[in-house]
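The values are calculated or read from the model by the stated rules, or taken from the named source; none is laboratory data. Note that this is a predicted model, so its numbers are computed, not measured. Cβ coordinates were reconstructed from backbone atoms using ideal geometry, including for glycine residues, and neighbour counts include every protein chain displayed. For the accessible areas, the whole protein counts, side chains as well, though only heavy atoms, and no ligand, DNA or RNA atoms are used. Shrake-Rupley method; radii C 1.70, N 1.55, O 1.52, S 1.80 Å.
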Amino acid sequence: MADPSSYRPKPGQIPDSPGVYKFRDEHRRVIYVGKAKNLRQRLANYFQDLAALHPRTRTMVTTAASVEWTVVSTEVEALQLEYSWIKEFDPRFNVKYRDDKSYPYLAVTLDEEFPRVQVMRGAKKKGVRYFGPYGHAWAIRETVDLMLRVFPVRTCSAGVFKNAARTGRPCLLGYIGKCSAPCVGRVTPEEHRELADDFCDFMAGRTGTYIRRLEKDMMVAAEEMEYERAARLRDDVEALKRAMEKSAVVLADATDADLIAVAEDELEAAVQIFHVRGGRVRGQRGWVTDKVENVDTSGLVEHALQQLYGEEAGDAVPKEVLVPALPEDPDAVSQWLAGRRGSQVSLRIPQRGDKKDLMATVQRNAQQALGLHKTKRASDLTTRSRALEEVAEALGLDTAPLRIECFDISHLQGDDVVASMVVFEDGLARKSEYRRFQIKGFEGQDDVRSMHEVIGRRFKRYLQDKERTGEWEEAPAPTGPAPDTTSDPDTAPDPDAEPREDDGRPKRFAYPPQLVVVDGGQPQVAAAKRALDELGIDDIAVCGLAKRLEEVWLPDDDDPVVLPRSSEGLYLLQRVRDEAHRFAITYQRAKRAKRIRSSPLDAVAGLGETRKQALIKHFGSVKKLKQATIDEICEVPGIGRRTAESVAVALASAAPATPAVNTATGEIIEEDNGGSTT
């Protein structure tokens, strides 16, 4: 625990300008980011008597070891920089909202020649127009099913579309009139895009004009005694009205607004957002967060606005944002929102009428979300705590292992040997800390030796990071050979091995675990323990979990520890082990698939993917290309004589590929593409 006075800036050193500040811990990790109109006044609040600080603030300043700041010109710039730093450094003491689920959107892929309507989740893509979010995917499909009658836009995947174009037969939706069948040329690309644009306009809230136009066309058709067309238009109008009924009118003046409500207690806060477009609720989402910093409702609202609109632009930011409390500097936030939208944005608290009533509804949803979250978390916390306590008791640990790392080895008959490291913190998977290894020290199948290599490489990097951050003045002498930092493959500039620079970003090797779990029995555990002993590390517990009888093995013990089958501790160790196995085998399969897809043409310097494909397309296969002369290779467009000679040499020196065998029939599968035999 650090004394804040030890790193307090000298008087007059802090400017009285707007800016953003960062607190770092002893490892140089950024643990808190904040902004201020006046840096001198704001930072002075952190260096007062510890007894006068809020408990969360007191924990933060005693965890920190230094503070630094960046001066900006305006409060708007400070707001933008604060958001960027929170996203970049992921500080542990900042409020960070995370979606309690991945909400589905109704998306229209306007970047394609024939736009497609579909359900999408996750990060938004450029060139795609989104509507929502919706509470359930089935709600999107019901809406789309109703609207396809009027706007028969393509909904099929690329594979289905290409197959229909190849066979000249549309899918079922094309036969029943719910797709205009652009795949077989029933409509031109321009006509299909016009349908997609009308679909988007209707979903964006411009419903009245379109329905009135359909009703007018229906009346004209009836007057001209085109009764079948009139009946079809009547059914179209009814279908659109049913689709509109699924999102009730909540604001009569066709308002475009987002309403944000916050429910909170001393420890947690829940945020609910209703997206209103054209006076109708078009989407809803919610977040829950721990209050790891001393923040009030206005601060929670400001963080929510940053999370909600930090990556948005244009119409995704509405004209009006209604909140329960204004941020500390509402003018700066309003200017920032206006910059994201490109026009004026009104940020205010609703005082009366329909908007205030709707805000009360959003507030009730936030209260219910917080209550439901606390009920679930209470159960989860109890279970996880019991599991960690049982593991600590079974293994004879002094404290519960809050950070567990598990290692597994995967290979296919000695080929493509890889390893995985997964991390669980407080009983939950922390996927951002997962790590993959290639076994580089030897060839062949030897799980014990592989485990020794992986554990050694992981903790060599930990010792290097620890020494670089200055946690000790002189490194303790290890009991085994000193880490060879010059020959360790992890020190190479490899994206799979290189840690991030010492600038405060999270680093995968910076935190030591309290417990190392290996997938295997006594030999693997002994190898892991030997690797730690060679590095002089004696404060990390090691155990192994054998699959056959789910026995827990400890170093130097001849008999395993047997946990009850109903034990939460055993269940936690199984989850950790199974996750390591899944991560390892996924990597091994991907590595093997990449090797199988390799081609002798890969060895030709300067031969890019386009010219490789041109060669294969011209000759039909690598086998036929091998039989071609240099003059015949030169006939391929873009292939000069020097390149043709390089291709011929590479193919002639390539080892013959092992033939692939169809396991069902026993037949040898001839290669028919760029070197693949599958």
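Overview of results
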| quantity | calculated |
| --- | --- |
| Unsatisfied cross-links (Cα-Cα over 26 Å) in the set Lys35/Lys291; Lys440/Lys529; Lys440/Lys594; Lys10/Lys37; Lys10/Lys87; Lys162/Lys617 | Lys10/Lys87 |
| Accessible area in the full protein assembly, largest first, 1.4 Å probe, for Trp69, Trp138, Trp287 | Trp138, Trp69, Trp287 |
| Distance between the stretch 430-468 and the stretch 313-388 - C-alpha centres, whole angstrom | 44 |
| Full-extension gain in nm, Ser432 to Glu112, via 0.36 nm per residue minus C-alpha separation | 111.9 nm |
| Under 9 Å, Cβ to Cβ, from Phe114 - net charge with Lys/Arg +1 and Asp/Glu -1 | +1 |
| Cα gyration tensor shape of the stretch 369-438, rounded if a/c is under 1.5, else prolate or oblate by comparing a/b with b/c | oblate |
| Cα gyration tensor category, rounded, prolate or oblate, for the stretch 540-608 with a/c compared to 1.5 | prolate |
| Charge sum, other residues only, whose C-beta stays under 10 Å from Ala644's C-beta, Lys/Arg counted +1 and Asp/Glu -1 | -2 |
